1. Could you give me the residue pairs with C-beta distances under 6 Å whose first residue belongs to region 236-261 and is under 19 Å from Ser133 (Cβ atoms), whose second residue is aromatic (Phe, Trp, Tyr) wherever it lies, and which are 6+ apart or on separate chains?
2. List the pairs whose first member sits in region 145-163 and is closer than 30 Å to Ala71 by Cβ, whose second member is outside any strand (DSSP E or B) and basic (Lys, Arg), and whose Cβ atoms are under 7 Å apart, counting only residues at least 6 apart or on separate chains?
3. Report yes if some residue within region 48-69 is among the polar types (S, T, N, Q), in a strand (DSSP E or B) and crowded, with 19+ Cβ neighbours inside 10 Å; otherwise report no.
4. Just checking, does region 157-171 include any residue being in a strand (DSSP E or B), out of contact with any Ser or Thr (no Cβ under 8 Å at 6 or more places or on another chain) and of a type in the set (A, V, I, L, M, F, W, C)?
5. Conditions first: (1) over 18 Å from the mean Cα position of the chain (by Cα); (2) without any contact (Cβ under 8 Å) to a residue 24 or more places away in the chain. Ala214 passes all but one, so which condition is the exception?
6. Take region 70-79 and flag every residue that is buried (at least 18 other Cβ atoms within 10 Å of the Cβ) and either touching a residue at least 40 places away in the same chain (Cβ under 8 Å) or part of a loop (DSSP other than H, G, I, E, B) (or both).
7. Only one of (1) among the hydroxyl-bearing types (Ser, Thr, Tyr); (2) over 29 Å from Ala146 (Cα atoms); (3) in contact with a Lys or Arg (Cβ under 6 Å, 6 or more places away or on another chain) is not met by Thr215, so which one is it?
8. Does Arg64 fit the bill of being under 22 Å from the mean Cα position of the chain (by Cα) and at pLDDT 95 or above?
Amino acid sequence: MKGISRMKWLGGIRAPIVAMSLAFFGVPNGSAAQAPRFQLELEAGPVWQSRNDVEIPNDGTATRFSLSDVAGTGAWPAARIYLTWQFSESQSVRLLYAPLSVTETGTLQAPTDFAGSRYAGGSEVEATYKFNSYRASYRWRFHAGAQSSAWVGLTAKIRDASIALSQGSVTSTKDDVGFVPLIHIAVSRTVGPGWHLAFDADALAGGPGRAIDATLKAGYDLGERWSLRAGYRTVEGGADVESVYNFAWLHYGAVSILWRL
């Protein structure tokens, strides 16, 4: 989430994530599976928020308030697109574009100081929350079995985030564009003829914040090139630094179609 560029690397996080994922899916040894050269996945579905706490700036001069109380919990439409290039037997690069923008009208429970402006309590205010994510992941497939595959890697994320309030002639906005390094882990396992489970996560925690984007999907192969998937995604995290306090928890119902070449 926002402002995580100052997070410290937790050196021991990779091994526990890999171990838990492999234990969950029971990855066996087996013969190497041939990965498709290119994959394109289009995902869409509703998104809800169960938490979105904001204080800007985070230096004692502003008011901490719940953006989810003002804007509501949703649902709103969301979508994302993945493009994966398998450039060798065990290595791939994956690109992601995941836009999200929500604008709703609600009521602040009390007078609120936000980003240098004061907003009256008990009166309508327009709230906007934007969080666009652009990512590039390097993935190493360290296991390729007859029934399962597993990847680990690094993700470079660019966040384009913004929170804004507007009430009458009073308007203020906090924009935040920055770079976030994440650890990538993914596991896929066949569970029946044409059926598979897929777990995927980009995550890192430490320093003044954390970022977690994880999904679990069940998929069905429509043929050699096409698959349908559906499942649940959670995006949680934020930052606690002098310029901003913001922690949000988003929940997605994800349905996607995947094309392989």
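The values are calculated or read from the model by the stated rules, or taken from the named source; none is laboratory data. Only a predicted model underlies this, so the values are computations on that prediction, with no experimental measurement involved. Cβ: placed from backbone, ideal geometry, glycine included. Neighbour counts: every protein chain shown.
1. Glu236/Trp249; Gly238/Phe247; His251/Trp48
2. Arg159/Lys2; Ala161/Lys2
3. Yes - at least one qualifying residue is present in region 48-69.
4. yes
5. Failed condition: (1).
6. Val70, Ala71, Ala78
7. (2)
8. no
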